[in-house]
Amino acid sequence: MNSQSIIKSLSLENVQPVNLVLGNETYLMEDVKKAFTNLIPEEERTMNLGKYDMEEVPLAKALDDAMSVPFFGDKRLVFIQNPYFLTSDTKKRKIEHDIEGFLNYLTHPEPTSIVVIFAPYKELDGRKKVSKQLKKSSLIIDNQPLNERGTRQFIAQEMENKSFEIDKNALDLFLERTNSELSIIMNELPKLFLYNFETHRITLSSVENLISKTLEQNIFDLVDVVISNNIEKSVTLYHDLILQNEEPIKINAILLGQFRLLLQVKILQDKGYSQGDLASVLKVHPYRIKLALQKVKKFNRHDLRKIYLALIDLEKTMKTTQQDQEGLFSLFMLKINQVNV
């Protein structure tokens, strides 16, 4: 079951004793938490709602809560968050978790308790017995980030709910400026609804005026001019970012990350990886992969590698010299221009 379905249909009549929310879509995860929380009357939540972060408390404490009888209510709700022991994470921690006790609970869950495990991961470690048993014993709620089609459908539903329309070019730009991330989208939509309240139609100009570019998006624009060897324009864009009080080291780090992604996408694409495979392997939002694929069409692996290595050299120089950093960026542009990238 996907997270949107559970948000709409969850009730005490169909809720399961154990539920696994798998995926890291932040906005929908918060809505899923609200949907489960609303199953417990507000006046009963103080005594019948427990939240346990596995990074901070032992699993046994959450299990003790789950096995307790509800206090003057019908159900007890237990949230288990960050269950890293279900993944391949090998980082050592001081907290010890009672995995055998958890396995026993999964086999014989307390009927008056609702246990919800929030696993903000792409997948669990299928080799582990506890992961296998959890999948068998729980209702799995898919909370992975929506693909572009799913995001467009989500926005379309929001438009319908508010009796609004959005022009196609406005929607395209809106997705670009929000990185197609639901948490950002839902934070920005109220501005557009208010601005276009009289017409109930969201236009391209309203998106341009109200939804600002992020630093990452400004640097994504910089990627284009760096690749095209437009020295004058790239230096101007870089200077504009400095005027916005952005740190040169930070700009370079994001630019380096962008070229790393482009190079990875190019290498894997040449090996036959599909857009969906790339998002999964690189653990990057599908929309970012789509944009990267559009950019790498015009360039070969050799060109991207030269720029990437030159950016690494630029970063090293920035960290070890007192030279003017805008000047260093200009020298970087001259360097990649001289190698005929």
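Using a/c under 1.5 as the rounded threshold, could you call the range 11-94 rounded, prolate or oblate? The axes a ≥ b ≥ c are square roots of the C-alpha gyration tensor eigenvalues, and prolate needs a/b larger than b/c, oblate otherwise.
oblate
Please name whichever of S163, H302, H285 sits farthest to the positive end of the charge dipole of the chain, dipole taken about the Cα centre and charges placed at Cβ: Lys and Arg +1, Asp and Glu -1.
H302
On a straight-distance basis, which aspartates and glutamates could pair with K136 in a cross-link, Cα separation under 20 angstrom, same-chain partners fewer than 8 positions away excluded?
D98, E100, E110, E123, D125
For every helix of n ≥ 4 consecutive DSSP H residues, a contribution of -39,500 (n - 2.57) applies; sum these over the chain, divide by its total residues, and give [θ] at 222 nm rounded to the nearest 500 deg cm²/dmol.
-17500 deg cm²/dmol
Can you find, among V207, M318, F259, the residue farthest towards the positive end of the dipole of the range 194-325? Put +1 on the C-beta of Lys and Arg, -1 on that of Asp and Glu.
So the residue furthest toward the plus end is F259.
For the chain, which longest stretch is free of loop sites, where a loop site is one of the chymotrypsin sites (Phe, Trp or Tyr not before Pro) that DSSP puts outside H, G, I, E and B and that has at most 10 other Cβ atoms within 10 Å?
Longest stretch, sites excluded: 198-341.
How much length is gained if the chain between K168 and K91 is pulled fully straight, taking 0.36 nm per residue apart and subtracting their Cα-Cα distance, in nm to one decimal?
Length gained, K168 through K91: 23.1 nm.
What is the gain in length, in nm to one decimal, between N14 and K250 on full extension, counting 0.36 nm per residue of separation less the C-alpha to C-alpha distance?
My answer for the length gained is 80.1 nm.
Going through the range 43-139, which trypsin sites (Lys or Arg not before Pro) have at most 12 other Cβ atoms within 10 Å and a DSSP loop state?
Answer by residue number: K91, K92, R93, K94, R127.
Fully extended, how many nm does the chain gain between K316 and N229 (0.36 nm per residue separation, minus their Cα-Cα distance)?
Computed gain between K316 and N229 is 29.1 nm.
Pull out a ≥ b ≥ c, the square roots of the eigenvalues of the alpha-carbon gyration tensor of the range 210-263, then state rounded if a/c is under 1.5, prolate if not and a/b is larger than b/c, and oblate in the remaining case.
Rounded shape, in that the Cα axes give a/c under 1.5.
In the structure displayed, which of K122/K162; K122/K168; K122/K290 lie more than 28 Å apart, Cα to Cα?
K122/K162; K122/K168
Given the convex hull over the Cα atoms of the range 62-120, what projected area results after averaging over all orientations, in nm²?
Its Cα hull, projected and averaged over all orientations, spans 4.6 nm².
Suppose every K and R has +1 on its Cβ and every D and E has -1 on its Cβ; what is the size of the dipole of the chain about the Cα centre, in Debye to the nearest 20?
1360 debye
Mind jotting down the distance between the C-alpha centroids of the range 259-289 and the range 131-198, whole Å?
23 Å
In whole percent, and with a 1.4 Å probe on the protein chains, what portion of the accessible area of the chain is carbon and sulfur?
49 percent
Longest exposed-loop-site-free stretch of the chain, with GluC sites (Glu not before Pro), DSSP loop and at most 13 other Cβ within 10 Å?
199-341
Restricting to Cα pairs below 8 Å that are 6+ residues apart, what does the relative contact order work out to for the chain? Please round to a whole percent.
16 percent
Could you give the dipole magnitude of the range 218-299 about its Cα centre, charging the beta-carbon of Lys and Arg +1 and that of Asp and Glu -1, in debye to the nearest 20?
Dipole magnitude for the range 218-299 comes out near 420 debye.
The values are calculated or read from the model by the stated rules, or taken from the named source; none is laboratory data. In this text the structure is predicted, and so the values were computed from the model without any measurement. Positions of Cβ are generated from backbone atoms using ideal geometry, with glycine treated the same way; all protein chains shown enter the neighbour counts. Each accessible area value is taken on the protein alone, full model and side chains, heavy atoms only, with ligands, DNA and RNA left out. Shrake-Rupley method; radii C 1.70, N 1.55, O 1.52, S 1.80 Å.
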